Structures are given as C-alpha cells and as structure tokens.
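The values are calculated or read from the model by the stated rules, or taken from the named source; none is laboratory data. Remember, it's a predicted structure, so these values are computed and weren't measured experimentally. Cβ coordinates were reconstructed from backbone atoms using ideal geometry, including for glycine residues, and neighbour counts include every protein chain displayed.
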Amino acid sequence: MGMYDSSKTYTQGMSLSKLNRAIILCAALGMFVALVLSFQHAFMKEIPCLAGKGCTLVASHPSSYIRGIPVAYFGAAGYFAILALGALRASLGNTLKTALTAAGFGMSAFGFLASWYLQYISKTEIGAFCPWCFTSAILMSVLFGLHVKLYSQVNSSSAGEIQFRPDSILAAGGAAVAIIASAGLISTQNKLFAVNEIVSEKQSGELVAQPGNILGDASAKVTLVEFADLCCPACRKGFPKLMEFKQKYGNKIRVVYRHFPLFRLPGHEMSPLATVASEVAAESGKFWQFASAFTSTEEAAKTPEEVFAIAEGVGVSRASIEAAAKNPQSPAALRVVRDQDCAIETLKVKGTPTYFLQYGGKTKMLDGAGLQTEMSDPEVQELLK
C-alpha cells in the first residue's frame, strides 16, 4: 500500500512539473510575440507580416490602444507575469502553490477572453489579419487550458509532494531568449527595410511648398519636413518631437508639416475633415495650435463633432471648416490635395510618418527610427550648434 501511494505521488508530481514547464515555455513564446508587437509601436516600424499590411492596419486601429497605451505592452507584461508565476511555483514548491496557480489561471483566463475579443474586432471592424496577434491568441488559449489542468491537479495534491525547482532556471532562460530574439528580429527588420534614402535634387525642390505650415525660415542650416496624417497613431505620438526639435534648436532648424491623409485606413475616417480643418486654422495663423490640440487627445477624433470641438477650442469656427470641406476648390482643400499629390507622385511616400531631412546639400527620406539616428549624426549636430 505504501509503495502504491509513493508511486502515485511521484507520477502526479511529475505531471505537475511537466504542466508547469509547458506553461513556462508557452509564456516565453507569448512574451516573444508580444514584444515584437510592442517594438512595432515603440519604434513606429513595420514588422514581418505574411498578411501584407494586415499587421500595420491592426496596430493603427483604436482597439490596439487602452488610454493611449498599446495593448501589446499589456500583453508583454501579462506573459511575463505568467512566466514569473511559473518561476515562483518552481522556487517555492508547495508554498502558496494554490494561490500562485489561481493567479496564473485568472491572468490566462482574462488574456484568453481579451485575445479572442480583439480577433473578433480584427475580423469584423478592421477587416485585416495580423498573424502575430492570432498566434498570441492561440498561445493564450493554450496557457488557459494548461492552467485549468494545473489548478485541478494542484488542488487534489497533498502538501509536501511537489517540487519544481529546476523550472525557475527554465523561466529565466525563457524570458531572456524572448527578449533577445524579439530585439534581434526587430533589429534585422530595421536594417532590411529601413527608410533611409537620398532624395534627388528635383524631388528636394518640391519639399517645401508655399504657402505652407512652416516654423523657421529658409536660412536655417537644417530643414525637417514631415508628411503625416493627423489621425495616424504614430504621427500623433511623434508630433511633440517636432516641437521639441524646434524648441531645442531654434532658428538653426526649419520644421515643415505636410499632409498625407490615409483616409481609407480604419481609424482614419476623420482624416479628410481634420486636414481641411487644420488648413482653415492655418489661414488665421493657428495651424500649429490646432495640430497640437488635435494630436494631444487620447485617441484621434472619431466624429465630425469632435473635430469641430477641437477647432473651436483654438478659435476656428465650425462654419468656416464646413464651407471649406464642402468646396473642393477652397484654398484649404486645394493645399491638402497639393500635399497629397506631392507625397504620392513626386516623393513616392508610402506611409506615415515619413520625414525628409535636408542638410549639407543633401536630402534624406527617413522613417521615425531613422530620423532619431540621423538627428544624432555628428554632421547634423555640428550644423545645429
């Protein structure tokens, strides 16, 4: 009888250990996926995506943010927490094993529901497929199932029978591999697909249009031109950086904002109205006030009423915006079309934000990450002294 009980305990303990290790491995994989998605937001970069622009479309949708914070950040934190719970179970053995397992069960249950809700939004509202997001949903589902199994077995085990100590090393290694692998993937992607091109002299001549939204004069040694969409999450996040550059470098830099509204993308439905509103504001010298107010809200405006409210907040009337928006030949509407045509036909801009940096007789087309690197270049910094 004693031998039978011992064998049963050993078999059950091994089963629990295997379940805990499976949870750790799945959490490490999930952490890798979530970190890749997080880096996409943090560095405003496209990631490898088998579904064309699906990953970018999903990432730019309002459902990918909670109070302005990318959902991917919460996902990475959640996977790390589940991984940490696995390590704690490994280190503490029976101590608090039920509570730790219950915590993991609750996290994975919430992650399971949230992941599939976002998949539903992706399918029904966005109409796009993100393989990374779908993989995360699958991994969270597996984690939920493993926690259901672990929780039921932990509650039926007698105290003092379970030891997971080797798993703590596995958890630490899994976290390290997830961080290194995701950073390596993004680094490789940046090198392969970075936007960092020398622009021709003819193209450079079209960069600064008059009249335009310009801070600084033509004598500045460095000119920074941004083509952006006021509703684009990455553009909204990057707008304060333009103001920061101007404030920091003063008359040594000229900053230019031009429109490239991507109104066909989900979440960008108000782009046409917002761009016209900004140009109406520009006619009374209030473009930068409007753009700052518009991009500082938690989410981009979703209705005309929200656009009008922001405009009225900086002293631009609703009536003037409606009149310009209804008349495709209005000066405000024509300036938006001018910018868009320049972006597409002349400069071959493919997305937002796209930056053009002119200095030392050359012009470079850059993405967000490339701009940060280029602004730190010794040659640029010397000109900005």
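From the list LEU85, LEU150, LEU146, LEU113, exactly one residue is assigned by TED's automatic domain parsing to the domain that holds ALA72, at pLDDT 70 or above, surrounded by fewer than 13 Cβ atoms within 10 Å (Cβ to Cβ) and farther than 19 Å from VAL36 by Cα. Which is it?
LEU113
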**OP:** Scan segment 121-136 for residues that are closer than 12 Å to VAL58 by Cβ and without any contact (Cβ under 8 Å) to a residue 24 or more places away in the chain and jot them down.
**Re:** LYS123, PHE134
Original post:
Quick one: would you say ALA319 is assigned to a helix (DSSP H, G or I), over 30 Å from PHE39 (Cβ atoms) and in the same structural domain as ALA291 (by TED's automatic domain parsing)?
Top reply: yes
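Just for segment 248-284: of the residues that are assigned to a loop (DSSP other than H, G, I, E, B) and of a type in the set (Gly, Ala, Ser), which one is surrounded by the fewest Cβ atoms within 10 Å (Cβ to Cβ)?
So the residue we want is SER284.
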Subject >> From the options GLU379, GLU312, residue that is touching a Lys or Arg at 6+ places or on another chain (Cβ under 7 Å) and acidic (Asp, Glu) >> reply: GLU312
Original post:
Can you pull out the residues in segment 47-65 that are modelled with pLDDT of 80 or more and closer than 17 Å to ASP367 by Cα?
Top reply: ALA59
Subject >> Which listed residue, of PHE245, PHE308, PHE290, is of a type in the set (Phe, Trp, Tyr) and either within 23 Å of the chain's Cα centre (by Cα) or outside any helix (DSSP H, G or I) (or both) >> reply: PHE245
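Listed here are the residues, each with its yes/no results for (1) assigned to a helix (DSSP H, G or I); (2) modelled with pLDDT under 85.
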| position | (1), (2) |
| --- | --- |
| ASP5 | yes, yes |
| MET14 | yes, yes |
| LYS18 | yes, yes |
| LEU29 | yes, no |
| LYS45 | no, yes |
| TYR73 | yes, no |
| ALA81 | yes, no |
